[in-house]
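Asks: First, the structure itself, so that you have it in front of you.
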Amino acid sequence: NAGVMQNPRHLVRRRGQEARLRCSPMKGHSHVYWYRQLPEEGLKFMVYLQKENIIDESGMPKERFSAEFPKEGPSILRIQQVVRGDSAAYFCASSPTRETGARGTEAFFGQGTRLTVV
Amino acid sequence: GQSLEQPSEVTAVEGAIVQINCTYQTSGFYGLSWYQQHDGGAPTFLSYNGLDGLEETGRFSSFLSRSDSYGYLLLQEPQMKDSASYFCAVRVNLGDDKIIFGKGTRLHILP
């Protein structure tokens, strides 16, 4: 059972370009979370999705950022017209549904995509 | 708003007992979890408490008091390889299963 897969691991973009970050959750997991982490800082919640639905995007900037989790394929975090302040590590996590028991609260993280805007 | 508070740094020597505290203020609560993250790596799940009391997972233990909105992670016989960041996290039961993380505690284990 493969873990959470994120690609690319490293992404360099010039200011004004678009960044697309992909996340394939663990098999059987229907919940996907995106987090952002700046150097020396904690994980900041951005968005929570289930298949084809955005459940909570309260942590995502209103402009330039969007996320989707289509019926088929990976979850995508898209950042349009990137700026230097978008440089960070973006982690995706997946979890099973709560009904799978206490360990259903466990989230499995991918290795992250490190975005550098130059 | 939702917040989890934990110390930014803790330093200990090998062989001592380390405790990292976490207090939370969230609109809902469905369990407190702990994650470990080494520099450059992904957070990995360590421990979970859904009910009050102590849970033991090898050298790591975690405690929860829901009435105090407080928990801690305990590490026995820490080794230098345990130097990492440790995050507490709460699943907020608002029907959306969102997980909120604290800012993390950087643990330094000295020889």
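Asks: Could you work out the mean count of beta carbons from other protein chains within 10 Å of each residue's beta carbon in B:77-90?
Replies: 1
Asks: Which lysines have a Cα lying under 26 Å from the Cα of A:Lys27, excluding residues fewer than 8 positions away in the same chain?
Replies: A:Lys44, A:Lys51, A:Lys71, B:Lys98
Asks: Also, I was wondering about something else. Hey, in the GNM for chain A with a 10 angstrom Cα cutoff, which one of A:Gly73, A:Gly16, A:Gly42 fluctuates hardest?
Replies: Residue with maximal mean-square fluctuation among A:Gly73, A:Gly16, A:Gly42: A:Gly42.
Asks: If you don't mind, there's one more thing I want to ask. Can you figure out the FRET efficiency of B:Ser83 with B:Gln25, using R₀ = 35 Å and their beta-carbon distance, to the nearest 0.05? Before the final figure, lay out the partial values.
Replies: On the way: r = 29 Å, r/R0 = 0.82.
Calculated value: 0.75.
Asks: For segment A:8-54, what is the convex hull (Cα atoms) projected area averaged across all directions, in square nanometres?
Replies: Values: hull surface 18.6 nm².
The orientation-averaged projected area of the Cα hull of segment A:8-54 comes to 4.7 nm².
Asks: Can you list the residues, at least 5 places off or on another chain, whose amide H is less than 5 Å from the amide H of A:Met5, using H built in the peptide plane?
Replies: A:Ser24
Asks: Between segment A:27-73 and segment B:55-78, how far is it from one alpha carbon centroid to the other, in angstrom?
Replies: 28 Å
Asks: Mind putting together the pair-distance distribution for chain B? All Cα pairs, 5 Å bins, whole percent per bin, short to long.
Replies: Cα pair-distance distribution for chain B, in percent: 2, 13, 24, 25, 19, 10, 5, 2, 0, 0.
Asks: Over the residues of the protein assembly as shown, compute the C-alpha Rg and express it relative to 2.2 N^0.38 Å.
Replies: 1.01
Asks: Most mobile of B:Ala42, B:Ala89, B:Ala12 per a Gaussian network model of chain B (Cα springs, under 10 Å)?
Replies: Its mean-square fluctuation being the largest, the pick is B:Ala42.
Asks: For A:Ile55, enumerate residues with amide H under 5 Å from its amide H, sequence gap 5+ or separate chain, H modeled in the peptide plane.
Replies: So A:Ile55 has HN proximity to A:Tyr48, A:Leu49, A:Gln50.
Asks: Let me ask something else. Could you run the Debye sum over the Cα atoms of segment B:6-47, one equal point scatterer each and no solvent, and tell me log10 of I(q)/I(0) at q = 0.19, 0.35 Å⁻¹, two decimals?
Replies: Ignoring solvent entirely, the Cα scatterers give -0.84, -1.18.
Asks: If you take every residue apart from B:Ala16 with its C-beta less than 13 Å away from the C-beta of B:Ala16, what net charge results, scoring Lys and Arg +1 and Asp and Glu -1?
Replies: Residues near B:Ala16 contribute -2 overall.
Asks: If you take each beta carbon of peptide A:89-96 and count the beta carbons of other chains within 10 angstrom, what is the mean?
Replies: For peptide A:89-96, the averaged partner shielding equals 2.
Asks: Using only Cα atoms, what Kirkwood radius does chain A have, in angstroms?
Replies: 14.4 Å
Asks: Still on this structure, I have one more. How would B:Thr26, B:Thr44 line up from fewest to most surrounding beta-carbon atoms within 10 angstrom?
Replies: Ranked by crowding around the Cβ, least crowded first: B:Thr44, B:Thr26.
Asks: Okay, next question. Within 13 Å, Cβ to Cβ, of B:Arg106, how many net charges do the neighbouring residues add up to if Lys/Arg are +1 and Asp/Glu are -1?
Replies: -4
Since every read-out is calculated from the coordinates, none of them should be taken as a lab result. Note that the coordinates shown come from a computational prediction; the quantities given were computed from them, not determined experimentally. Every residue, glycine as well, gets a Cβ built from its backbone with ideal geometry; the counts of neighbours run over all protein chains shown.
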